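These notes concern the structure reproduced below.
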Amino acid sequence: MSDGALADRPESWDVVDSSDLHRDGWVVALRSDQVRTPDGAVARRLVLEHPGAAVVLAVDDQERVFVLQQYRHAAGRRFVEIPAGLCDGDPGEEPLEVARRELREEAQLQATDWTHLTSSYASPGISAEVQHLYLARGLSAADRGDFELHHEEADMTTRWVAFAELYDAVLAGQVADGPVVQCVLLARALDLVGGGER
């Protein structure tokens with residue numbers, strides 16, 4: 001290990017063979033790669049291809065957060081979530097533009113102030129998915145445009161909750177959606193939200 005600053009670093013092992021296990025017109029695909037390790041061995045690694053996502057912690061002037069509750073079939077749970085969406089839109093669309101779009105479509109809100117909290121890898125053992133996390137302030141009403149809610153989104157409910165309540169629920173393990181947990185803890189740790197409450 002280097003004596004330099006503690007940081008992740010790019011690295012790539014040679015792929016000697018790759019085959020699709022599942023690929024269709026939907027968002028994700030699953031492939032099997034045979035990779036050569038530094039000691040010369042060949043190991044199989046499954047890779048879930050994912051375009052990444054943008055996530056928005058929208059906080060109003062009263063320190064309330066816009067949350068939604070949505071059923072997620074894979075986990076068998078209805079999660080407390082915040083607006084989020086896939087980075088699979090127009091070619092070259094930046095994550096911040098995705099965040100703006102999702103806030104408008106899911107929350108019917110727009111924001112004047114945006115802070116990039118972090119970009120993190122959701123599950124790097126199987127996927128290169130990156131989640132771009134944002135704090136949005138200066139909120140006002142916005143039109144959803146021609147976007148229509150379908151499937152799980154059509155069943156979601158929304159509400160405003162005090163940041164302090166959401167923070168406590170995260171610490172208590174009652175709210176366990178990864179991006180929500182990260183956004184809330186980062187916003188609090190950086191003193192961007194809720195700094196005067198504790």
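The values are calculated or read from the model by the stated rules, or taken from the named source; none is laboratory data. Just so it is clear, the model here is predicted, and its values are computed rather than measured. Don't worry about glycine lacking a Cβ; one is built from the backbone with ideal geometry, like all the others, and counts go over all protein chains shown.
Observations, loosely collected:
- Only strands (runs of 3 or more DSSP E) whose full extent lies in the stretch 1-72 are considered here, and none of them has at least 2 residues that are touching a Leu at 6+ places or on another chain (Cβ under 6 Å), at pLDDT below 95 and small (G, A, S).
- Criterion violated by P179 - all others in (1) modelled with pLDDT of 95 or more; (2) buried (at least 17 other Cβ atoms within 10 Å of the Cβ); (3) out of contact with any Asp or Glu (no Cβ under 8 Å at 6 or more places or on another chain); (4) closer than 14 Å to A58 by Cα satisfied: (3)
- Only residues that are acidic (D, E) and free of Cβ contacts under 8 Å to residues at least 12 places away in the same chain were counted in the stretch 62-91, giving 1.
- For the stretch 1-48, a residue qualifies if it is in contact (Cβ under 8 Å) with a residue 24 or more places away in the chain and touching a Lys or Arg at 6+ places or on another chain (Cβ under 7 Å), and the qualifying residues are W13, V16, L21, V42, V47.
- From R77, R31, residue being basic (K, R) and in contact with a strand residue (DSSP E or B) (Cβ under 7 Å, 6 or more places away or on another chain): R31
- Odd one out for Q110 among (1) touching a Ser or Thr at 6+ places or on another chain (Cβ under 7 Å); (2) in contact (Cβ under 8 Å) with a residue 60 or more places away in the chain: (2)
Every residue, every condition in (1) surrounded by 11 or more Cβ atoms within 10 Å (Cβ to Cβ); (2) of a type in the set (D, E); (3) under 16 Å from the mean Cα position of the chain (by Cα), yes or no:
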| residue | (1), (2), (3) |
| --- | --- |
| V35 | yes, no, no |
| P38 | no, no, no |
| R77 | yes, no, no |
| P83 | yes, no, yes |
| D88 | yes, yes, yes |
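- Some residue of the stretch 143-162 being among the aromatic types (F, W, Y), exposed (fewer than 15 other Cβ atoms within 10 Å of the Cβ) and under 16 Å from the mean Cα position of the chain (by Cα): no
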